[in-house]
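Asker: I'd like to ask you about the structure that follows.
The values are calculated or read from the model by the stated rules, or taken from the named source; none is laboratory data. Small disclaimer: the values here were computed from a predicted structure and weren't measured. Using ideal geometry, Cβ is built from the backbone for each residue, glycine included, and neighbour counts are taken over all protein chains shown. Remember, those area values only see protein heavy atoms, side chains included, never the ligands or the DNA or RNA. Shrake-Rupley method; radii C 1.70, N 1.55, O 1.52, S 1.80 Å.
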Amino acid sequence: MSTDATRTRVMVVPASKPALPPHIKLRHDPGRGRWHVLAPERVFEPDPISIEILKRCDGATSVEEIATELAKDYNAPLQEILADTISMLQELSDKGVIKAA
Amino acid sequence: MNEIAPMEQFSEKPVVEACARAPVGLLAELTHRCPLQCPYCSNPLELDRVNSELTTEQWQDVMRQAADLGILQIHLSGGEPTVRKDLEDIVEVAAKAGLYTNLITAGVTLTRDRLKRLKELGLDHVQLSIQDVDDANAEKISAYKNGLAKKREVGKWVRELEMPLTINAPIHRLNIENLPNIIDFAVEMGAGRIEVANIQYYAWALKNRAALMPTRAQVLKSAEIVEEAKQRLKGVMVFDFVVPDYYAKTPKPCMGGWGRGVMNVTPQGRVLPCHASESVPGLVFDNVKDRRLADIWLNGQAFQKYRGTSWMKEPCKSCPRAELDFGGCRCQAMAFTGDAANTDPACKLSPYHEAFVAAAERESAEATPPPFVYRRMSPTKATPAE
């Protein structure tokens, strides 16, 4: 696979199109009544806004588009939402939870 | 985003309804058979024999029950889990039940076809252990020839099959100086994660402690190496660093608290709060053959005994860290102080702490460590390590 040749830190930018790799699973847990991100030997408990962002990480939608949608839904300033979204996705990218191409 | 990790790391959050909370992870020790003989094996000194192991159907039922109970991740371990010919049948049922499946393997008995099949059946992640990146040293530690070359091959297969790879490196006196090379090896293999896991001294490792214990200076140096590599490799490889608690001041929150987040099923089907808990006398271990997993988790005597904080004595009882580290490890308290309800001797408040640290300092300072007692199924005998 090609990814190993390019093993450098990926920086999340507004044009990045983040996706969850196949081995990362965003799942609703009916027993606990909340969402989980299942990762290698890790379980994350995303907060409501993280869930909304992760649901939109389809590899086709850009970070800017995600933030624009959320800014509309939450009636919040776009620049603020964009900055928060980038910082959250950067953290998740560093943890291997999302791939930002 | 909160992170809860079933195996190595634990968030420092107070317990909420600890007893009613469903476990996050289940360690399934499918077998105690293993071609390697690492002297720090976490399996008990008394190993389960092949003819006493749970059947395929029984393990499949454990997987279904685990999912029903709310367990999210299943860690398929051993011994060496791939020596079970029915691993595929167990993985298939676990994946279908919605469990996140993690294979913890030494790799030497795997084939590429088998790995591919396991992936097709839903295996999510492979954790590959290495003994060292020096061939001769790896051979000495595992008592297994050419293991490293085979592991290199297995790691390559995992990545070719586009599966996530973790390299697990147990660290001790014999390989701690090679840590930078071990980290490089994991990067080369394309691992997304590395566990730099200082040996925790239970079972075989406790028996071999004097041969394995690194010096305090070595441990401090290794922490620096990990910190530097973590920064350098940010976004490339995730680090888990398990520190050796003999040189700590506060104990580790062992298992994230007794009966709080994880459970362990032995090859014979006994259900344990942790893999070492059979070393604690007075506990009754239920078997999946006799009782439902959920009932064992909620009501089993072994799980109730040290769950929460009500069992605590001083200095734990009034300690502000009581719900952060849960008094550390019951098995270590048992082994070193003779009472599992005492605070872990790794805690500086323990009256045994000084002797505990002194043992590590004394043993690690010995110029010639004693020979290994290799992990073997039959009666053990010492074999020279040199």
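Asker: Out of B:Ala210, B:Ala217, I need the residue that is under 18 Å from B:Lys140 (Cβ atoms), at pLDDT 95 or above and surrounded by fewer than 21 Cβ atoms within 10 Å (Cβ to Cβ). Which one? Walk me through it before giving the result.
Answerer: Details: B:Ala217 fails: under 18 Å from B:Lys140 (Cβ atoms).
Unique residue meeting the criteria: B:Ala210.
Asker: If A:Asn75 passes every condition in (1) crowded, with 18+ Cβ neighbours inside 10 Å; (2) more than 30 Å from B:Asp68 (Cβ to Cβ) but one, which one does it miss?
Answerer: (1)
Here's the yes/no breakdown for (1) closer than 15 Å to B:Thr109 by Cβ; (2) not in a loop (DSSP other than H, G, I, E, B):
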position: B:Gly122; (1), (2): no, no
position: B:Asp132; (1), (2): no, no
position: B:Tyr144; (1), (2): yes, no
position: B:Ala149; (1), (2): yes, yes
position: B:Glu153; (1), (2): yes, yes
position: B:Trp157; (1), (2): yes, yes
position: B:Ala169; (1), (2): no, yes
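Asker: Right, here's the next one. Go through (1) within 27 Å of B:Lys249 (Cα to Cα); (2) touching a residue at least 12 places away in the same chain (Cβ under 8 Å) and name the single condition B:Phe372 misses.
Answerer: All conditions are met except number (1).
Asker: Then there's this: Among the strands (runs of 3 or more DSSP E) lying completely within region A:19-101, list those that include at least 3 residues that are in contact with a Lys or Arg (Cβ under 9 Å, 6 or more places away or on another chain).
Answerer: Fully inside region A:19-101 and qualifying: A:34-39, A:42-45.
Asker: Scan region B:195-203 and give yes if some residue there is at pLDDT 95 or above, more than 14 Å from chain A (Cβ to nearest Cβ), surrounded by fewer than 24 Cβ atoms within 10 Å (Cβ to Cβ) and part of a helix (DSSP H, G or I), otherwise no.
Answerer: No, region B:195-203 has no match at all.
Asker: A further question on this structure: Quick check on my filter: what residues within region A:80-101 are within 12 Å of another protein chain (Cβ to nearest Cβ) and not charged (D, E, K, R)?
Answerer: A:Ser87, A:Met88, A:Leu89, A:Gln90, A:Leu92, A:Ser93, A:Gly96, A:Val97, A:Ile98, A:Ala100
Asker: Within region B:55-83, can you find the residues that are within 14 Å of chain A (Cβ to nearest Cβ) and either more than 19 Å from B:Arg260 (Cα to Cα) or touching an Asp or Glu at 6+ places or on another chain (Cβ under 8 Å) (or both)?
Answerer: Those that are within 14 Å of chain A (Cβ to nearest Cβ) and either more than 19 Å from B:Arg260 (Cα to Cα) or touching an Asp or Glu at 6+ places or on another chain (Cβ under 8 Å) (or both): B:Gly70, B:Leu72, B:Gln73, B:His75, B:Leu76, B:Ser77.
Asker: Restricting attention to region B:149-173, which residues are away from chain A (no Cβ under 11 Å), open to solvent by 10 Å² or more (accessible area, probe 1.4 Å) and touching a helix residue (DSSP H, G or I) at 6+ places or on another chain (Cβ under 6 Å)?
Answerer: Scanning region B:149-173 gives B:Trp157, B:Arg173.
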